Amino acid sequence: MRGEGWRPLLIALGLLTRLPIPWRGVPADARELGQSVLYYPLVGVVIGLVLAAVAVCLPGWLDVGVRAALVLIAWVWLTGGLHLDGLADTADGWIGGLGDPARGLAIMKDPRSGPAAVVAVVLLLVLKWNLARVALQTQALEGWLIAPLLGRVAIVLLFLTTPYLRAGGMGAEAARSLPRFWAGLVVVAWMVGVGWWSSVWIVAIFGVVWFGVRRAWMGRFGGVTGDLAGASCEMIEAVVMLAWVWQWQEAVR
């Protein structure tokens, strides 16, 4: 693609990363926002490549725990904490809503974070740090490619199959304008690719967790929001990374 044809990809990179993207700050129409969702998994690959490069370039004389912390810091910085914010809001809305969808969604819009949000983010970061430490020890670097990729496949699949609950904002525009046929094709292509390159078992784990997460969102809220999509991405990343590290450890025994 040339010229304006690159805009959906640049929009996706600008929305999901802190990379210096020319699009950042330039208004996008609904069609471009919808098309940008198709590139979310590719953005996950870019994030994974950066993380793998950071892991490889860190000096071996550094303690493995310190190296894992630096990779995790790069991970959070690279995404701007976007999906962590979604996880925090989701935790507050899930617990504070007391099963009332409207109350939960209202709490999720509150910019303040409650105890549930803090606990959820801290626990997830502790898990990711430990997974990064084990991945560095076992040289299971491919996990940093697969986890961010499937985390963003999860978002595309949610937008494709789940009602979007917020009326305004870029998330609503993107979900409403998503090219559904191409989105389905993108999801299938990436999942087949991961299954072929990595293992069908990883894809199966992803599918089970994604289905469970979607069912939880539908049961509690009746659909999905940007916060719920971000929380899904974070949870899928952690579970996929856990499955990859476990599989790698079993293979090298």
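The values are calculated or read from the model by the stated rules, or taken from the named source; none is laboratory data. The structure displayed is predicted, hence computed values, not measured ones. Please note: Cβ atoms are built from the backbone with ideal geometry, for glycine as well, and neighbour counts cover all protein chains shown. Surface areas here come from the heavy atoms of the whole protein model, side chains and all, with no ligands, DNA or RNA. Shrake-Rupley method; radii C 1.70, N 1.55, O 1.52, S 1.80 Å.
Within the stretch 183-213, the set of residues being open to solvent by less than 60 Å² (accessible area, probe 1.4 Å) and within 30 Å of residue 103 (Cβ to Cβ) comprises 209, 210, 212, 213.
When restricted to residues that are among the hydroxyl-bearing types (Ser, Thr, Tyr) and either surrounded by 24 or more Cβ atoms within 10 Å (Cβ to Cβ) or touching a residue at least 60 places away in the same chain (Cβ under 8 Å) (or both), the stretch 104-161 contains 1. Being out of contact with any Asp or Glu (no Cβ under 6 Å at 6 or more places or on another chain), under 22 Å from residue 91 (Cα atoms) and open to solvent by 10 Å² or more (accessible area, probe 1.4 Å) is a property that holds for residue 166. Considering only residues in the stretch 88-103 that are over 22 Å from residue 168 (Cβ atoms) and in a helix (DSSP H, G or I), the one that is most open to solvent (accessible area, probe 1.4 Å) turns out to be 95. Would you confirm, using the coordinates I've provided, whether residue 114 is under 29 Å from residue 13 (Cβ atoms) and small (Gly, Ala, Ser)? It is false that residue 114 is under 29 Å from residue 13 (Cβ atoms) and small (Gly, Ala, Ser). Residues that are open to solvent by less than 60 Å² (accessible area, probe 1.4 Å), in a helix (DSSP H, G or I), of a type outside the set (A, V, I, L, M) and free of Cβ contacts under 8 Å to residues at least 12 places away in the same chain within the stretch 8-64 comprise just one, 14. Please go through the stretch 162-174 and pick out each residue that is touching a helix residue (DSSP H, G or I) at 6+ places or on another chain (Cβ under 9 Å) and without any contact (Cβ under 8 Å) to a residue 40 or more places away in the chain. 172, the sole residue that qualifies.
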